[in-house]
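What follows is one structure encoded as structure tokens, with my remarks underneath.
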Amino acid sequence: MKHIIILGDGMADWPVESLGGKTLMQYAKTPYMDKLASMGRTGRLKTVADGFHPGSEVANMSVLGYDLPKVYEGRGPLEAASIGVDLKPGEMAMRCNIICIEGDHIKNHSAGHITTEEADVLVKYLQKHLGNERVYFYTGVQYRHLLVIKGGDKRIDCTPPHDVPLKPFRPLLVKPMPGTENITVPEDGAELTPQQTADLINDLILRSQELLKNHPLNQKRMAEGKDPANSIWPWSPGYRPKMERLSDKFPQVKRGAVISAVDLINGIGYYADLRRLTVEGATGLYDTNYENKVAAALEALKTDDFVYLHIEASDEAGHEGNVELKLLTIENLDSRAVGPIYEAVKDWDEPVAIAVLPDHPTPCELRTHTNEPIPFFIWYPGIEPDSVQAFDEVSVCEGSYELLKEDEFINEFMNGTTDYTD
């Protein structure tokens with residue numbers, strides 16, 4: 001049996017008054033997800049381990065069953081792997097957003113969804129003026145880039161910019177982790193103390209603002225009515241992680257693939273030993289090319305044992321607080337991804353198991369991630385269904401899987417199908 005996980009990033013939400021007290025998943029028209037939930041088995045999954053921030057890297061690693069306290073090293077190292085940066089011992093990687101600052105406030109975490117081509121101009125400019133033998137900037141995708149600091153100490157307190165829209169930025173600058181403020185000896189592999197690392201990053205942030213505010217590209221963006229990309233915002237530091245391959249845990253996965261427009265997901269795939277499939281038109285936004293992603297997934301399933309199809313659109317809509325847009329992304333996931341994949345594989349000679357789930361909620365009301373358990377379903381030909389008839393945060397509370405945690409979901413998905421018989 002082959003396996004595909006279809007992950008709608010940030011799809012779960014809270015009840016919305018304007019929707020009659022329903023969540024967006026309850027309100028949206030999702031006939032395929034409801035059908036598969038009714039034919040399969042459902043439950044909830046705790047994707048954010050105790051003590052961890054509800055970031056997408058944490059939640060997606062949890063979906064794949066990784067033991068976070070053992071392997072988590074932050075988002076930066078995952079994105080480094082995705083863009084081909086091979087971290088050396090002592091090198092600390094950080095996600096480095098290009099953001100929009102308005103006055104003294106963070107207007108948005110994405111510089112108005114700057115394009116990769118525009119951002120590349122700015123990242124190279126920053127490298128020329130701020131980079132040195134210790135500091136290096138790498139271009140990623142859209143607003144998501146990479147900062148590598150040789151000898152940096154990861155014991156620093158950083159705020160993800162998507163968590164603090166419209167907040168003053170100065171109180172959110174990098175600080176040493178509590179209890180490390182007066183440490184004078186760096187941790188193993190580091191050359192700087194936590195305080196020195198924080199000071200270096202804050203200096204880079206403030207200097208980037210001076211460099212970028214009058215850059216010709218930003219002058220052009222503002223003349224066009226777009227937000228300027230006028231500051232960097234590094235966060236989620238870490239070193240090279242020690243993650244096992246998915247095939248080490250599940251020998252039936254002799255070959256697997258990941259499909260995503262987001263570097264951190266591709267980085268997880270790199271360490272899980274899943275081949276990265278690049279899809280034309282995949283944007284990480286609500287205009288992503290669902291059809292090309294589905295075609296790539298179906299083609300991969302012909303040769304691979306496992307496919308991880310990640311779609312970011314709902315998360316971005318949640319960060320914008322846009323209920324109507326998020327409803328559209330949920331319905332698009334159903335009609336343009338889940339439905340076509342089910343219709344294509346349901347009669348294959350070799351059966352395909354399908355799981356659909358978000359990684360975490362991104363409530364439109366809050367505009368950032370939360371750590372509540374998320375809904376999921378598992379379907380494959382011959383599975384004994386439970387009584388749940390719809391796929392949403394409320395209905396699955398009656399599901400037969402109840403509440404799973406740690407690697408229980410991936411074990412059930414991968415191993416619970418072994419008793420299937422034609």
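The values are calculated or read from the model by the stated rules, or taken from the named source; none is laboratory data. This one's a predicted model, so the numbers in the text were calculated from it and none came from an experiment. Virtual Cβ from ideal backbone geometry, glycine too; neighbours counted across all protein chains shown. These area figures cover heavy atoms from the full protein model, side chains too; ligands, DNA and RNA do not enter into them. Shrake-Rupley method; radii C 1.70, N 1.55, O 1.52, S 1.80 Å.
Restrict the check to the stretch 272-286 and report whether at least one residue is hydrophobic (A, V, I, L, M, F, W, C), modelled with pLDDT under 95, under 23 Å from E79 (Cα atoms) and within 13 Å of the chain's Cα centre (by Cα). Yes - at least one qualifying residue is present in the stretch 272-286. A single member of I83, I98 is surrounded by 24 or more Cβ atoms within 10 Å (Cβ to Cβ) and of a type outside the set (D, E, K, R), and it is I98. Restricting the search to helices (runs of 4 or more DSSP H) fully inside the stretch 1-81 and requiring at least 2 residues that are of a type in the set (A, V, I, L, M) and over 28 Å from F250 (Cα atoms) gives 24-27. Here L172 meets each of (1) open to solvent by 10 Å² or more (accessible area, probe 1.4 Å); (2) modelled with pLDDT of 95 or more; (3) farther than 25 Å from F52 by Cβ with one exception, condition (3). If you go through the stretch 354-390 and keep only what is in a loop (DSSP other than H, G, I, E, B) and over 18 Å from D315 (Cβ atoms), you end up with Y380, P381, G382, I383, E384, P385, D386, S387, V388, Q389, A390.
Among the residues of the stretch 10-44, those identified as in contact with a Ser or Thr (Cβ under 6 Å, 6 or more places away or on another chain) and open to solvent by less than 40 Å² (accessible area, probe 1.4 Å) are G10, M11, D13.
Among the conditions (1) touching a helix residue (DSSP H, G or I) at 6+ places or on another chain (Cβ under 8 Å); (2) farther than 23 Å from V164 by Cβ, V58 misses just one, which is (2).
Put simply, of P237, P165 the only residue that is part of a strand (DSSP E or B) and in contact (Cβ under 8 Å) with a residue 24 or more places away in the chain is P237. No other residue among T159, T139 is assigned to a strand (DSSP E or B), assigned by the TED database to the domain that holds I99 and in contact (Cβ under 8 Å) with a residue 24 or more places away in the chain apart from T139.
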